[in-house]
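Read through the structure below, which is laid out as structure tokens, and then see the notes.
The values are calculated or read from the model by the stated rules, or taken from the named source; none is laboratory data. Note that the structure is predicted; figures quoted are calculated from it, not measured. Note that each Cβ is placed from the backbone with ideal geometry, even for glycine, and that neighbours are counted across all protein chains shown. Remember, those area values only see protein heavy atoms, side chains included, never the ligands or the DNA or RNA. Shrake-Rupley method; radii C 1.70, N 1.55, O 1.52, S 1.80 Å.
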Amino acid sequence: MKKLWNFLRSMRFGVILLLLIALCSVAGSIIPQQREVAYYAENYTQFHPTILALQLDNIFESWYFIVLLALLCLNLTLCSILRGISLMKDHRFVQRAGLLPDAKKLTPSGVEKLRAHLTEDLHCKPVQTGESTVYTKRLFGRYGTFLTHLAILLTVIFGALALYLPTLTDDTCMPGESIRMADGTDIHVDSFRIENDAGDLDFSSEITVTLPDGRKSDLQRIRVNYPMHFGPYKIYQQTYGTAGSITATNLETGVAEDFPLTESVFLTLDGVSGLWYDTLYPGYVQDDDGNITLINNVVGSYEDPIYQVQMAENGEYISMLAFPGDDLEVGGMRFHFNDPIDYPGLRIKHTPTVVNALLLAAFLLMTLGLYITFFLQPVLVKVDDEGYAVGGPKPEGMRLSLEALLESDELTPKEVPHK
Amino acid sequence: MNTLMNVLFFGAIVLYFIGAVLQFVGSSFKKPGLTKAAWIVFLAGFAAHTVYLIVRGVVAHRLPLANQFEFATAFAWGVALIMIILNARFHADWIAVAAMPAAFLILSYAALQPREITELMPALKSAWFGFHIGSAAISYSCFILAGAAGLRWLLLARRESPDSRKLHQMDYMAYRLIAVGFLLLTVTILTGAIWAEQAWSAFWTWDPKEVWALITWIIYAVYLHLRLRQKRSGKVMAWFAIIAVPVVLFTFVGVNTLMPGLHSYG
Ligand code: HEM
């Protein structure tokens with residue numbers, strides 16, 4: 001039992017876990033993840049049952065990957081966090097450094113040089129411990145690794161929450177209209193543009209959010225990399241589209257209605273005669289003979305939009321092309337072809353804000369922890385009349401620099417005077 | 001302007017090459033005159049390289065870090081810069097024999113990439129761009145130099161006793177480089193996560209580039225832990241620093257060129 005406990009809290013177990021996580025990650029990067037079963041059957045013919053059985057198709061959500069992460073959290077807690085707490089309770093580490101045997105013996109002038117270096121160049125604080133002096137500096141640096149590991153633990157925990165708690169909704173919305181969320185929140189798209197005033201691509205929407213409790217955001221422009229954050233919602237400029245727009249007027253009543261059109265639709269009064277809207281093309285090229293070739297795909301605004309429609313009259317259909325500004329009368333209605341409407345596709349993320357904040361705090365702590373660990377290591381140098389020793393958790397750098405400094409003042413074992 | 005930029009870029013490659021050759025011959029045959037000349041030539045190459053990056057940044061109106069060519073160029077610049085700093089501050093001229101060829105090879109790899117200046121795509125227009133990619137370039141540079149230090153360790157260990165101060169210094173230098181690289185790789189991954197959340201709504205999507213950055217991070221975390229052992233061997237640490245280099249290179253080049261291939265050709 002004791003053995004198991006010691007293993008669970010050992011650094012060796014931590015390293016093994018890290019290597020296993022790395023191994024799973026390699027597999028997860030080589031085998032495309034979360035595809036249809038048919039994909040694996042086709043591409044990994046005889047291996048595909050193994051891939052599916054071992055959950056290699058979705059390894060990062062497999063039970064064993066989650067167990068590895070959970071074990072890493074356990075190991076980090078037992079090994080590093082508990083160690084860190086006992087480190088904080090240890091107030092005798094300076095005294096202990098004072099008891100270190102001399103690692104190097106020095107000439108008396110070497111000792112003087114060392115003391116002067118430690119106080120004047122390195123600005124260390126001398127602490128008298130028995131017959132020796134311990135020169136100390138940046139003692140808080142001892143907590144660097146503790147902070148690092150604590151931050152890693154928090155990052156895994158809050159990271160998992162930040163990945164799995166939010167709900168995502170992808171939706172499109174015509175300018176002037178709103179998306180209504182299940183909790184009653186209203187996301188109103190005031191406007192959308194593909195290009196800015198200078199003509200550069202700038203997919204951006206202006207939106208306002210009204211929460212169920214009535215709180216309303218200011219009008220904000222969102223674009224790629226600059227989402228809007230209001231209440232528990234974060235709204236991203238995700239994609240965009242261009243819709244046809246037709247105004248249909250009932251010739252008898254004079255009532256007119258606008259139709260934004262994103263898919264094929266039949267506009268009719270009696271279900272027989274009317275206008276079939278097929279699609280909207282971004283542009284066309286016309287050759288010398290007047291023949292038109294339609295362009296299917298463009299990035300950005302539609303330069304020369306052209307409508308493809310069918311006029312339906314008493315069961316007969318006539319295909320035709322129409323330009324913005326054109327009018328067509330059929331089935332008791334007048335159809336006016338407007339300029340197309342660009343509209344945004346938004347991604348709406350509902351997320352507990354506090355989890356994001358905690359995760360960001362963990363990120364900051366990790367960076368700070370590593371900085372302290374590597375660059376603000378404590379200095380603990382014990383000096384007595386005959387020599388010195390370097391203590392502390394990471395003595396190596398100081399040891400090498402002092403050895404270089406005191407090379408000519410070192411005494412070989414033979415030269416050390418016997419007392 | 002194009003001609004000037006080409007002269008600077010290819011000038012830097014040629015000077016790095018000459019520097020590396022002089023350094024190799026100079027240190028193999030113990031000719032201090034040659035190694036000194038190697039440094040002078042290399043520094044001239046570095047000056048051309050630096051001016052090239054500045055001019056490119058000015059012409060493009062942005063940091064020159066936006067595609068594989070620019071990243072590789074910055075990466076090679078990072079290797080050269082850190083090597084120069086190590087020499088100036090710690091007299092670690094011993095690293096040059098392995099590091100000068102590294103700078104040359106990385107810059108040559110850049111030369112194989114398309115060089116035209118492209119507009120920054122909207123997804124890259126972010127305040128995180130410089131932090132994320134800049135820290136990645138310097139972090140990879142540190143890892144490459146740690147590998148170079150490991151290589152020098154192994155070469156020297158054939159002649160010197162394991163207790164030699166020089167070997168300790170090389171081992172410690174490799175460790176410090178990995179420590180700095182590790183901190184910067186952490187910054188790269190964390191800023192990448194923050195940026196991904198700003199751009200695509202999720203901090204982490206397990207895409208191959210992210211996954212390989214994580215693998216690299218884990219490999220160096222293992223190095224840092226192995227080094228804490230009481231009875232560590234300098235040889236094992238040197239080999240580790242060398243063997244980790246292909247992982248870094250794979251994260252940098254391999255993922256971009258091979259992983260999409262795997263996705264599309266299955
Ligand atoms: C996610 C993975 C981990 C990372 C990135 C990490 C990072 C680090 C770093 C950077 C150091 C300082 C090394 C140095 O200063 O040379 C360190 C030290 C240490 N780590 Fe970890 N670590 C991780 C996981 C673990 C685990 C799981 C354990 C527990 C078993 C552990 C135990 C230790 C110990 C005992 C030290 C020495 C502390 C000291 O000298 O003050 N680490 N770790």
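Odds and ends about this structure:
- For B:Pro208, the requirement of being away from the ligand (no atom under 16 Å from the Cβ) and touching a residue at least 24 places away in the same chain (Cβ under 8 Å) is met.
- When residues of the stretch A:2-14 are limited to those that are open to solvent by 20 Å² or more (accessible area, probe 1.4 Å) and at the interface with chain B (Cβ under 10 Å from one of its Cβ atoms), the one farthest from the ligand (Cβ to nearest atom): A:Arg12
- All positions within the stretch B:193-205 that are without any contact (Cβ under 8 Å) to a residue 24 or more places away in the chain and open to solvent by less than 60 Å² (accessible area, probe 1.4 Å): B:Ala193, B:Ala196, B:Glu197, B:Ser201, B:Ala202, B:Phe203, B:Trp204
- Applying the criterion of being under 12 Å from A:Ala103 (Cα atoms) and within 16 Å of the ligand (Cβ to nearest atom) to the residues of the stretch A:371-399, the residue that is nearest to the chain's Cα centre (by Cα) is A:Pro395.
To keep it simple, each residue is scored yes or no on (1) among the aromatic types (Phe, Trp, Tyr); (2) within 14 Å of chain B (Cβ to nearest Cβ).
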| residue | (1), (2) |
| --- | --- |
| A:Tyr302 | yes, no |
| A:Glu329 | no, no |
| A:Leu358 | no, yes |
| A:Ala361 | no, yes |
| A:Asp385 | no, no |
| A:Pro393 | no, yes |
| A:Met398 | no, yes |
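- B:Gln169 more than 14 Å from chain A (Cβ to nearest Cβ), modelled with pLDDT under 95 and either at negative phi or open to solvent by 20 Å² or more (accessible area, probe 1.4 Å) (or both): no
- Scanning the stretch A:200-235 for residues that are open to solvent by 10 Å² or more (accessible area, probe 1.4 Å), closer than 30 Å to A:Tyr302 by Cβ and touching a Leu at 6+ places or on another chain (Cβ under 8 Å) yields A:Glu206, A:Thr208.
- Single residue of B:Thr216, B:Thr257 found to be of a type in the set (Val, Ile, Thr) and touching a helix residue (DSSP H, G or I) at 6+ places or on another chain (Cβ under 7 Å): B:Thr216
- Restricting A:Thr367, A:Thr351, A:Thr373 to residues that are at the interface with chain B (Cβ under 10 Å from one of its Cβ atoms) and surrounded by 21 or more Cβ atoms within 10 Å (Cβ to Cβ) narrows the list to A:Thr373.
- Residue within the stretch A:24-47 that is within 16 Å of the ligand (Cβ to nearest atom) and within 9 Å of chain B (Cβ to nearest Cβ) present: yes
- Those residues of the stretch B:154-164 which are open to solvent by less than 60 Å² (accessible area, probe 1.4 Å) and more than 20 Å from B:Leu249 (Cβ to Cβ), in sequence order: B:Leu156, B:Ala157, B:Ser164
- Count of the stretch A:118-156 residues which are open to solvent by less than 50 Å² (accessible area, probe 1.4 Å) and more than 46 Å from the chain's Cα centre (by Cα): 4
- Applying a threshold of 6 Å to beta carbon distances and a minimum spacing of six or more residues, or different chains, the list of pairs starting in the stretch A:142-156 at a residue that is of a type in the set (Asp, Glu) and ending at one that is more than 7 Å from the ligand (Cβ to nearest atom) and open to solvent by 30 Å² or more (accessible area, probe 1.4 Å) is empty.
- Residue within the stretch A:98-121 that is in contact (Cβ under 8 Å) with a residue 12 or more places away in the chain, within 16 Å of the ligand (Cβ to nearest atom) and not acidic (Asp, Glu) present: no
- Only residues that are more than 12 Å from the ligand (Cβ to nearest atom) and part of a helix (DSSP H, G or I) were counted in the stretch A:58-85, giving 11.
- Qualifying positions in the stretch A:142-159 - within 13 Å of another protein chain (Cβ to nearest Cβ) and either within 10 Å of the ligand (Cβ to nearest atom) or not aliphatic (A, V, I, L, M) (or both): A:Gly144, A:Thr145, A:Thr148, A:His149, A:Ala151, A:Ile152, A:Thr155, A:Val156, A:Phe158, A:Gly159
- Unmet requirement for A:Asn297, which otherwise passes all of (1) in a strand (DSSP E or B); (2) of a type in the set (S, T, N, Q); (3) open to solvent by 50 Å² or more (accessible area, probe 1.4 Å): (1)
- Failed condition for B:Lys231, given (1) modelled with pLDDT under 95; (2) away from the ligand (no atom under 13 Å from the Cβ); (3) at the interface with chain A (Cβ under 10 Å from one of its Cβ atoms): (3)
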